[in-house]
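Written out below as C-alpha coordinates is the structure these notes cover.
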Amino acid sequence: MAEKLVHFPWLHPKLAQGALPDGVVFFDPGVDMATDRARWRPAELPCSPAEVRGLLRSFMEFGERFPRASDMKAYQAVGLENFYTDTTMDIRSQLTGAQRPEPEAEDPLRQAQVLLAMALYREEQFVAMCEQEGRFEAARDGFAAVLGLDDEETFAELGVTDEALFPRACAELPWKSLLPSLLRFLTPGARLFVSDPDVVRELAALDFVFSPCGQDSDQMCCLLDEDGLARICGSRVALPEPLTIVAPSLQP
(Lines give C-alpha, C1' and ligand atoms only; values in the text may rest on other atoms or scores of the structure.)
Protein backbone atom coordinates (compact mmCIF):
# COMPACT_ATOMS: atom_id res chain seq x y z
CA MET A 1 0.00 0.00 0.00
CA ALA A 2 1.43 3.39 -0.99
CA GLU A 3 2.34 5.79 1.81
CA LYS A 4 -0.13 8.60 2.33
CA LEU A 5 1.12 11.92 0.93
CA VAL A 6 -0.53 14.86 2.73
CA HIS A 7 -0.27 18.44 1.46
CA PHE A 8 1.43 20.77 3.95
CA PRO A 9 1.06 23.34 5.37
CA TRP A 10 -2.01 24.55 3.48
CA LEU A 11 -5.29 22.73 4.06
CA HIS A 12 -7.19 24.68 1.39
CA PRO A 13 -6.79 23.09 -2.07
CA LYS A 14 -6.72 26.48 -3.82
CA LEU A 15 -3.46 27.35 -2.05
CA ALA A 16 -1.59 24.50 -3.75
CA GLN A 17 0.96 25.63 -6.31
CA GLY A 18 1.97 23.87 -9.50
CA ALA A 19 1.22 20.31 -10.50
CA LEU A 20 0.73 17.92 -7.62
CA PRO A 21 1.96 14.32 -7.64
CA ASP A 22 -0.57 11.55 -7.92
CA GLY A 23 -2.05 10.60 -4.60
CA VAL A 24 -1.62 13.92 -2.78
CA VAL A 25 -4.48 14.60 -0.38
CA PHE A 26 -5.45 17.70 1.60
CA PHE A 27 -6.08 17.25 5.29
CA ASP A 28 -9.75 17.71 6.19
CA PRO A 29 -10.31 18.71 9.84
CA GLY A 30 -14.01 17.94 9.59
CA VAL A 31 -14.96 20.93 7.46
CA ASP A 32 -17.07 20.17 4.38
CA MET A 33 -15.83 21.90 1.23
CA ALA A 34 -16.73 21.80 -2.46
CA THR A 35 -13.54 20.94 -4.36
CA ASP A 36 -12.31 18.56 -7.01
CA ARG A 37 -9.11 17.91 -5.05
CA ALA A 38 -8.77 14.78 -2.94
CA ARG A 39 -9.21 15.41 0.77
CA TRP A 40 -8.53 13.07 3.68
CA ARG A 41 -10.66 13.13 6.83
CA PRO A 42 -9.27 10.83 9.55
CA ALA A 43 -11.81 8.49 11.07
CA GLU A 44 -10.60 9.33 14.58
CA LEU A 45 -11.57 13.03 14.47
CA PRO A 46 -13.38 13.62 17.79
CA CYS A 47 -15.74 16.37 16.53
CA SER A 48 -18.41 15.96 13.86
CA PRO A 49 -18.69 18.57 11.08
CA ALA A 50 -21.70 20.09 12.89
CA GLU A 51 -19.68 20.40 16.12
CA VAL A 52 -16.79 21.98 14.25
CA ARG A 53 -19.11 24.57 12.70
CA GLY A 54 -20.48 25.39 16.15
CA LEU A 55 -17.00 25.77 17.61
CA LEU A 56 -15.94 28.07 14.78
CA ARG A 57 -19.05 30.21 15.28
CA SER A 58 -18.24 30.50 18.98
CA PHE A 59 -14.67 31.42 18.18
CA MET A 60 -15.78 34.15 15.77
CA GLU A 61 -18.25 35.53 18.29
CA PHE A 62 -15.45 35.57 20.85
CA GLY A 63 -13.07 37.29 18.44
CA GLU A 64 -15.58 40.01 17.65
CA ARG A 65 -15.18 41.22 21.22
CA PHE A 66 -11.63 42.33 20.41
CA PRO A 67 -11.47 45.14 17.82
CA ARG A 68 -7.68 44.96 17.85
CA ALA A 69 -5.60 41.81 17.57
CA SER A 70 -3.40 43.04 20.43
CA ASP A 71 -6.42 42.89 22.76
CA MET A 72 -6.29 39.09 22.57
CA LYS A 73 -2.70 38.74 23.77
CA ALA A 74 -3.76 37.86 27.29
CA TYR A 75 -5.93 35.04 25.97
CA GLN A 76 -3.24 33.86 23.56
CA ALA A 77 -0.78 33.68 26.45
CA VAL A 78 -2.91 31.21 28.40
CA GLY A 79 -3.63 28.98 25.43
CA LEU A 80 -6.52 27.50 23.48
CA GLU A 81 -7.97 25.67 26.47
CA ASN A 82 -9.27 28.99 27.81
CA PHE A 83 -10.97 29.81 24.53
CA TYR A 84 -14.12 28.15 25.85
CA THR A 85 -14.35 30.47 28.87
CA ASP A 86 -16.75 33.39 28.36
CA THR A 87 -17.80 32.19 24.91
CA THR A 88 -21.40 31.44 24.04
CA MET A 89 -20.61 27.79 24.77
CA ASP A 90 -19.64 28.62 28.33
CA ILE A 91 -22.61 30.94 28.83
CA ARG A 92 -24.95 28.26 27.51
CA SER A 93 -23.47 25.70 29.89
CA GLN A 94 -24.00 28.06 32.81
CA LEU A 95 -27.64 28.65 31.86
CA THR A 96 -28.36 24.95 31.46
CA GLY A 97 -26.33 23.89 34.48
CA ALA A 98 -24.05 21.75 32.35
CA GLN A 99 -20.53 21.28 33.65
CA ARG A 100 -17.85 22.81 31.44
CA PRO A 101 -14.75 20.62 31.27
CA GLU A 102 -11.79 21.85 33.22
CA PRO A 103 -8.83 22.88 31.01
CA GLU A 104 -6.76 19.89 32.04
CA ALA A 105 -9.64 17.58 31.04
CA GLU A 106 -9.84 18.86 27.48
CA ASP A 107 -9.17 16.24 24.83
CA PRO A 108 -5.85 16.97 23.04
CA LEU A 109 -7.27 15.51 19.82
CA ARG A 110 -10.26 17.82 20.09
CA GLN A 111 -7.98 20.83 20.59
CA ALA A 112 -5.84 19.79 17.63
CA GLN A 113 -8.89 19.40 15.39
CA VAL A 114 -10.24 22.83 16.39
CA LEU A 115 -6.87 24.48 15.73
CA LEU A 116 -6.71 22.92 12.27
CA ALA A 117 -10.29 23.93 11.52
CA MET A 118 -9.45 27.50 12.53
CA ALA A 119 -6.43 27.39 10.23
CA LEU A 120 -8.61 26.28 7.33
CA TYR A 121 -11.04 29.11 8.09
CA ARG A 122 -8.17 31.63 7.93
CA GLU A 123 -7.06 30.11 4.65
CA GLU A 124 -10.58 30.44 3.24
CA GLN A 125 -10.53 34.15 4.06
CA PHE A 126 -7.11 34.49 2.44
CA VAL A 127 -8.28 32.69 -0.71
CA ALA A 128 -11.35 34.93 -0.94
CA MET A 129 -9.11 37.99 -0.73
CA CYS A 130 -6.71 36.70 -3.37
CA GLU A 131 -9.60 35.92 -5.71
CA GLN A 132 -10.18 39.66 -5.94
CA GLU A 133 -7.04 39.80 -8.09
CA GLY A 134 -8.87 41.85 -10.70
CA ARG A 135 -9.47 44.56 -8.15
CA PHE A 136 -5.84 44.46 -7.06
CA GLU A 137 -4.70 44.76 -10.66
CA ALA A 138 -6.98 47.75 -11.18
CA ALA A 139 -5.66 49.31 -7.99
CA ARG A 140 -2.08 48.81 -9.16
CA ASP A 141 -2.89 50.46 -12.49
CA GLY A 142 -4.44 53.32 -10.54
CA PHE A 143 -1.31 53.68 -8.43
CA ALA A 144 0.79 53.76 -11.60
CA ALA A 145 -1.40 56.49 -13.08
CA VAL A 146 -1.13 58.58 -9.93
CA LEU A 147 2.66 58.19 -9.95
CA GLY A 148 2.83 59.10 -13.63
CA LEU A 149 4.35 55.82 -14.79
CA ASP A 150 4.14 55.11 -18.49
CA ASP A 151 3.62 51.73 -20.14
CA GLU A 152 7.34 50.98 -20.18
CA GLU A 153 7.81 51.56 -16.45
CA THR A 154 6.82 49.12 -13.77
CA PHE A 155 6.73 49.04 -10.01
CA ALA A 156 9.52 46.48 -10.09
CA GLU A 157 11.79 49.01 -11.78
CA LEU A 158 11.15 51.33 -8.85
CA GLY A 159 12.03 48.59 -6.39
CA VAL A 160 8.41 47.71 -5.56
CA THR A 161 7.83 44.01 -6.13
CA ASP A 162 4.58 42.12 -6.52
CA GLU A 163 5.27 40.63 -3.07
CA ALA A 164 4.92 44.12 -1.62
CA LEU A 165 1.56 44.63 -3.34
CA PHE A 166 -0.03 41.19 -3.14
CA PRO A 167 -0.32 39.03 -0.01
CA ARG A 168 1.52 35.71 0.15
CA ALA A 169 0.21 32.79 2.13
CA CYS A 170 3.61 32.04 3.66
CA ALA A 171 3.93 35.58 5.00
CA GLU A 172 0.30 36.18 5.95
CA LEU A 173 -0.85 32.88 7.45
CA PRO A 174 0.58 31.41 10.67
CA TRP A 175 1.42 27.81 9.84
CA LYS A 176 4.49 26.75 11.80
CA SER A 177 2.64 26.07 15.05
CA LEU A 178 0.08 23.82 13.31
CA LEU A 179 2.45 20.95 12.60
CA PRO A 180 2.12 19.32 16.07
CA SER A 181 -1.68 19.29 15.66
CA LEU A 182 -1.45 17.72 12.22
CA LEU A 183 0.99 15.09 13.47
CA ARG A 184 -1.64 13.85 15.93
CA PHE A 185 -3.72 12.57 13.03
CA LEU A 186 -1.11 11.38 10.51
CA THR A 187 -1.04 7.66 9.90
CA PRO A 188 2.27 5.79 10.35
CA GLY A 189 4.52 6.23 7.33
CA ALA A 190 2.61 9.25 6.00
CA ARG A 191 4.69 11.97 4.30
CA LEU A 192 4.11 15.69 3.86
CA PHE A 193 4.19 17.33 0.43
CA VAL A 194 5.08 21.04 0.22
CA SER A 195 4.10 22.74 -3.05
CA ASP A 196 4.62 26.34 -1.87
CA PRO A 197 8.12 27.58 -2.84
CA ASP A 198 8.05 30.20 -0.07
CA VAL A 199 7.52 27.48 2.54
CA VAL A 200 10.32 25.39 1.01
CA ARG A 201 12.65 28.39 1.24
CA GLU A 202 11.71 28.89 4.89
CA LEU A 203 12.44 25.26 5.61
CA ALA A 204 15.80 25.55 3.85
CA ALA A 205 16.55 28.65 5.93
CA LEU A 206 16.00 26.48 9.02
CA ASP A 207 18.84 24.22 7.79
CA PHE A 208 16.68 21.46 6.38
CA VAL A 209 18.60 19.79 3.57
CA PHE A 210 16.61 18.50 0.60
CA SER A 211 18.04 15.75 -1.60
CA PRO A 212 16.54 13.57 -4.37
CA CYS A 213 13.97 11.16 -2.98
CA GLY A 214 15.29 8.39 -5.21
CA GLN A 215 17.74 7.68 -8.01
CA ASP A 216 15.35 8.78 -10.76
CA SER A 217 12.98 10.84 -8.65
CA ASP A 218 11.76 14.26 -9.75
CA GLN A 219 11.07 15.16 -6.11
CA MET A 220 13.26 16.27 -3.23
CA CYS A 221 13.01 14.91 0.31
CA CYS A 222 14.26 15.78 3.77
CA LEU A 223 13.80 14.07 7.12
CA LEU A 224 12.20 15.86 10.05
CA ASP A 225 13.21 14.63 13.51
CA GLU A 226 12.23 16.00 16.91
CA ASP A 227 14.95 18.66 16.81
CA GLY A 228 13.80 19.74 13.36
CA LEU A 229 10.21 19.92 14.52
CA ALA A 230 11.28 22.17 17.38
CA ARG A 231 13.03 24.49 14.90
CA ILE A 232 9.80 24.82 12.91
CA CYS A 233 7.19 25.24 15.63
CA GLY A 234 9.23 26.24 18.68
CA SER A 235 8.19 23.29 20.83
CA ARG A 236 9.28 19.68 21.18
CA VAL A 237 6.92 16.92 20.17
CA ALA A 238 7.72 13.22 20.39
CA LEU A 239 7.99 11.50 17.03
CA PRO A 240 7.85 7.71 16.79
CA GLU A 241 10.06 7.97 13.69
CA PRO A 242 11.47 10.75 11.49
CA LEU A 243 8.91 12.37 9.20
CA THR A 244 9.61 12.77 5.47
CA ILE A 245 8.93 16.13 3.83
CA VAL A 246 8.65 16.06 0.03
CA ALA A 247 8.95 19.01 -2.38
CA PRO A 248 9.16 19.45 -6.17
CA SER A 249 12.71 19.18 -7.44
CA LEU A 250 12.66 22.56 -9.20
CA GLN A 251 12.37 24.36 -5.86
CA PRO A 252 15.40 25.16 -3.70
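When the residues of the range 155-206 are filtered to those that are more than 30 Å from Val237 (Cα to Cα) and surrounded by 13 or more Cβ atoms within 10 Å (Cβ to Cβ), the one that is modelled with the lowest pLDDT is Phe155. When you check Ser235 against the structure, is it of a type in the set (Ser, Thr, Tyr) and either assigned to a loop (DSSP other than H, G, I, E, B) or without any contact (Cβ under 8 Å) to a residue 40 or more places away in the chain (or both), yes or no? Against the criterion (of a type in the set (Ser, Thr, Tyr) and either assigned to a loop (DSSP other than H, G, I, E, B) or without any contact (Cβ under 8 Å) to a residue 40 or more places away in the chain (or both)), Ser235 qualifies. In the range 207-225, what residues are loosely packed, with under 13 Cβ neighbours inside 10 Å and outside any strand (DSSP E or B)? Passing the criteria: Asp207, Val209, Gly214, Gln215, Asp216, Ser217, Asp218, Asp225.
The conditions of being at positive phi and either in contact with a strand residue (DSSP E or B) (Cβ under 6 Å, 6 or more places away or on another chain) or in contact (Cβ under 8 Å) with a residue 24 or more places away in the chain (or both) are met by Asp207. Every condition in (1) in contact with a Cys (Cβ under 8 Å, 6 or more places away or on another chain); (2) assigned to a strand (DSSP E or B); (3) without any contact (Cβ under 8 Å) to a residue 40 or more places away in the chain is met by Glu202 except one, and the failing one is (2).
Applying a threshold of 8 Å to beta carbon distances and a minimum spacing of six or more residues, or different chains, the list of pairs starting in the range 3-25 at a residue that is outside the structural domain of Leu203 (by TED's automatic domain parsing) and ending at one that is of a type in the set (Ser, Thr, Tyr) and not in a loop (DSSP other than H, G, I, E, B) is empty.
Do we find that Asp28 is crowded, with 18+ Cβ neighbours inside 10 Å, at pLDDT 90 or above, under 18 Å from the mean Cα position of the chain (by Cα) and acidic (Asp, Glu) in this structure? Yes, satisfied.
For the range 180-202, the set of residues classified as over 13 Å from Leu5 (Cβ atoms) and either touching a Phe, Trp or Tyr at 6+ places or on another chain (Cβ under 8 Å) or among the hydroxyl-bearing types (Ser, Thr, Tyr) (or both) consists of Ser181, Leu182, Phe185, Asp196, Val199, Val200, listed by residue number. Screening the range 1-16 for residues that are over 12 Å from Met33 (Cβ atoms) and in a loop (DSSP other than H, G, I, E, B) and picking the one that is modelled with the lowest pLDDT gives Met1.
The values are calculated or read from the model by the stated rules, or taken from the named source; none is laboratory data. From a predicted model like this one, the values you see are computed outputs, not experimental measurements. Virtual Cβ from ideal backbone geometry, glycine too; neighbours counted across all protein chains shown.
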